[in-house]
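**Q** Mind looking over this structure? Questions follow.
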Amino acid sequence: MTADPKTSARLEELQARMNALKNAPPLEKARTFLKTYCAPNSTLSDVEDQVRHALGFNTIPLYTGIDGLEAILADTRLPSATLVSLVREDAKRQELPATPTAARQYLEQVLGVLRKYLPKEPEVEGLAGFGIDDVYNLRDPAGKLERLRCIDMVGVGNESFAVLVPEHASEDKGPFTVYRYQSGPGQPFKYDRVTDAGLIAKVIKTSRS
């Protein structure tokens with residue numbers, strides 16, 4: 001039995017939309033979530049019901065919603081008017097005061113609903129290889145999991161290194177974390193965090209040259 005061309009086209013369109021959403025800027029991720037899950041629902045309880053329903057078939061918009069909301073709430077440079085617009089225009093919460101304090105409080109409540117149903121770390125700890133712009137859960141020297149984004153992969157001498165920054169940090173300002181890695185056909189991927197300050201400086205200099 002052949003697949004229905006219309007069904008295949010719809011699936012491809014959905015996949016393309018999901019991929020675009022995963023790669024969207026944080027503000028767009030937050031807006032998309034608020035328009036889809038908050039605007040149609042008059043209460044947080046209704047939002048929670050819709051989130052629970054979505055868990056059964058597509059969690060991507062929920063995880064991208066978390067990413068977007070966390071990033072904008074942590075962004076001290078985000079204009080207050082943007083926070084207010086997110087809540088009053090995108091989430092359709094016209095009944096709330098048009099103040100950044102009220103907006104931030106509401107967005108934190110929405111984030112709390114998402115965190116109630118989705119685990120803190122969606123990706124499996126560790127990795128099978130580095131890739132530019134991919135985000136990984138890796139442990140810092142104290143053993144705490146942190147989300148790091150790979151911004152470059154370079155060779156220094158006869159070794160290979162990946163340069164990473166915190167997920168939402170600047171690629172120019174860091175802070176930078178460097179991993180040495182080894183990979184080869186049929187060989188398990190090996191990686192370790194570089195702690196030598198001199199070597200880290202060499203890797204970052206090579207990355208920027």
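**Q** Any idea how many residues of the range 66-81 are surrounded by 15 or more Cβ atoms within 10 Å (Cβ to Cβ) and over 18 Å from residue 37 (Cβ atoms)?
**A** First, pick out the residues of the range 66-81 that are surrounded by 15 or more Cβ atoms within 10 Å (Cβ to Cβ): 66-73, 78.
When the remaining residues are screened for being over 18 Å from residue 37 (Cβ atoms), the result is 78.
The qualifying residues number 1.
**Q** Would you mind telling me which numbered condition in (1) part of a helix (DSSP H, G or I); (2) surrounded by 12 or more Cβ atoms within 10 Å (Cβ to Cβ); (3) modelled with pLDDT of 90 or more residue 101 fails?
**A** (2)
**Q** Give the number of residues within the range 83-92 that are surrounded by 17 or more Cβ atoms within 10 Å (Cβ to Cβ) and polar (S, T, N, Q).
**A** We begin by selecting, within the range 83-92, every residue surrounded by 17 or more Cβ atoms within 10 Å (Cβ to Cβ); these are 83-84, 86-88, 90-91.
Still in the list and also polar (S, T, N, Q): none.
So the answer is 0.
**Q** Could you tell me how many of the residues in the range 12-44 are exposed (fewer than 13 other Cβ atoms within 10 Å of the Cβ) and under 16 Å from residue 73 (Cβ atoms)?
**A** The total comes to 1.
**Q** Under 8 Å between Cβ atoms, which residue pairs at least 6 apart in sequence (or on different chains) link something in the range 146-168 that is surrounded by 15 or more Cβ atoms within 10 Å (Cβ to Cβ) with a partner that is acidic (Asp, Glu) and assigned to a strand (DSSP E or B)?
**A** 162/152; 163/152; 166/146
**Q** Could you pull out the residue among 158, 58 that is closer than 27 Å to residue 183 by Cβ and of a type in the set (S, T, N, Q)? Can you show your working first?
**A** On the way: 58 fails: closer than 27 Å to residue 183 by Cβ.
Exactly one of 158, 58 is closer than 27 Å to residue 183 by Cβ and of a type in the set (S, T, N, Q), namely 158.
**Q** Going by the conditions given, is residue 124 at pLDDT 90 or above and within 23 Å of residue 22 (Cα to Cα)? Please lay out each step first, then the result.
**A** On the way: at pLDDT 90 or above: no; within 23 Å of residue 22 (Cα to Cα): yes.
No, not satisfied.
**Q** I'd like to know if the range 187-208 contains one or more residues that are assigned to a helix (DSSP H, G or I), farther than 22 Å from residue 70 by Cβ and at pLDDT below 90.
**A** Quick first cut of the range 187-208, residues assigned to a helix (DSSP H, G or I) only: 197-208.
The next check asks that each one be farther than 22 Å from residue 70 by Cβ; those that pass are 197-208.
Those left that are additionally at pLDDT below 90: 207-208.
For the range 187-208, residues assigned to a helix (DSSP H, G or I), farther than 22 Å from residue 70 by Cβ and at pLDDT below 90: present.
**Q** Which ones in the range 51-61 are closer than 17 Å to residue 107 by Cβ and either among the hydroxyl-bearing types (Ser, Thr, Tyr) or surrounded by fewer than 21 Cβ atoms within 10 Å (Cβ to Cβ) (or both)?
**A** The one that is closer than 17 Å to residue 107 by Cβ and either among the hydroxyl-bearing types (Ser, Thr, Tyr) or surrounded by fewer than 21 Cβ atoms within 10 Å (Cβ to Cβ) (or both): 61.
The values are calculated or read from the model by the stated rules, or taken from the named source; none is laboratory data. Everything numeric here is computed off the predicted structure, so don't read it as measured data. So basically every Cβ, Gly included, is an ideal-geometry build from the backbone, and we count neighbours across all protein chains shown.
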